[in-house]
Amino acid sequence: MIDIDWILDNSTHLNFEAGIVCRLQCGGCMMRHDMKSTAMGWPDRYNIRFDSYKVLLDTFNSYDFCGNLSDPIYHPDFIKTLEYMKGKSKDIKFHTNGSGKSKEWWTKVFKLSEGESGWIWIFALDGLPEDSHKYRIKQNGVQVWEMMKLGKSLGADIRWQYIVFKYNQNDIQHANLLADHYDIKFMEMHSSRWSDDSTTENGGTGTGVDMSVYEPKNEHSTLPRIQLDEIDKTTNNIIVKDVSTPHVKRKVEIDPDCLNTKLRKPIMFNSMGYFIPCCEKDQWVEALTKRGFYQDRFHIDNLKTPEDIKNVFLSDVWQDFYMGLLNDPENAPQNCRTFCVKNDNVKSHGAGKDPKGFV
């Protein structure tokens with residue numbers, strides 16, 4: 001049996017997404033393209049209310065408010081949640097595009113952050129403030145930047161997440177200096193998700209705009225993650241799947257992030273009201289349903305105490321899933337075998353040999 005105590009201890013993050021609202025239309029977002037998809041579980045997703053999820057805030061000690069399909073600041077009970085968490089010594093990373101809220105609203109939020117050393121605000125501003133809207137459509141990057149500076153002036157821990165695209169790759173040094181001037185930590189991120197979004201060829205989203213990740217350099221990998229089987233640790237060459245031939249299941253070794261006690265990927269609480277092993281599995285509703293994760297007894301409305309939550313992870317469904325990853329990796333879910341392949345290079349950097357973060 002997997003020891004569940006460490007899942008709930010201070011070192012563990014819960015990736016918390018209790019809502020379905022975002023005001024932006026980012027080209028690579030699943031929400032934008034799959035909102036009507038039954039396979040994505042959209043009919044069962046909703047803004048889960050504070051009174052239902054409050055038990056989670058009493059159970060875990062560390063959180064990522066980071067949505068696959070939403071932005072936490074737009075949840076109707078966001079302020080109420082902050083007020084409840086204040087003074088409880090919780091570690092929280094708030095991931096947000098930061099757009100569409102007034103200076104008065106942000107002032108209230110940042111004042112709630114006063115004295116909370118574990119609260120970190122990570123703003124997604126992909127490029128210089130005047131350019132970020134080129135990917136984050138409808139974002140007011142200039143206004144977001146002003147709110148980031150406001151937060152810093154009020155003592156909040158502000159981080160700038162900068163995903164590199166072709167349109168902003170030559171501005172990284174400028175942005176770094178700008179962040180340094182205001183004592184804001186700069187987080188350069190690279191993505192392997194998109195190619196040319198101007199068409200629907202080669203995985204593009206057909207937006208009419210070329211949103212290729214960036215002009216690749218030799219030390220960067222920009223292959224779609226589905227093609228990253230593993231990397232030869234001797235030569236650092238990428239071993240690429242031959243996607244033109246029928247898929248043949250090969251023997252794999254996996255190093256599950258969800259069972260890594262040092263660099264553990266967070267369990268996710270999603271906007272259907274259930275726990276799932278990680279955020280990468282949120283779109284695989286049918287597969288998780290077949291494995292038993294989406295049962296009424298596991299729904300947040302039926303979990304009233306921290307002990308109820310612990311019993312979810314002690315259930316046969318969760319124990320069988322974890323033990324299967326350990327003892328039968330060849331029959332692990334496909335995305336587990338893709339993202340958690342046992343390879344130091346992949347594990348260290350997410351993809352390729354890029355020393356920067358990958359998303």
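Each value in this text was obtained by applying a stated rule to the coordinates, not by laboratory testing. Being a predicted model, the structure only gives us computed values, none of them experimental. All Cβ positions, even for glycine, are placed from backbone atoms using ideal geometry, and neighbour counts span all protein chains on display.
Before moving on, here are some points about what is shown:
- Computed from phi, the 3J(HN,Hα) profile of the range 151-166 under the Karplus parametrisation 6.51, -1.76, 1.60 (θ = phi - 60°) reads x, 5, 5, 9, x, 6, 7, 10, 10, 10, 8, 10, 7, 7, 10, 4 Hz, with x in place of Gly and Pro.
- For the range 311-316, 3J(HN,Hα) computed residue by residue from phi via the Karplus equation (6.51, -1.76, 1.60; θ = phi - 60°) reads 5, 4, 6, 7, 5, 4 Hz, glycine and proline entered as x.
- Per-residue HN-Hα couplings for the range 255-260 [Karplus 6.51, -1.76, 1.60; θ = phi - 60°; Hz; x = Gly/Pro]: 10, x, 4, 6, 10, 8
- Two-decimal Rg to Rh for the range 51-161 - Kirkwood Rh, Cα set: 0.96
- The range 62-147: GluC sites (Glu not before Pro) in DSSP loop, at most 16 other beta carbons within 10 Å: E114, E130
- Over the range 119-195, the hull volume per residue, using the convex hull of the C-alpha atoms, is 88 Å³.
- Around the amide H of D157, modelled in the peptide plane, lie the amide H atoms of W121, all under 5 Å away and 5 or more residues distant in sequence or on another chain.
- For L14, the residues 5 or more places off, or on other chains, whose built amide H falls under 5 Å of its own are S62, Y63, D64.
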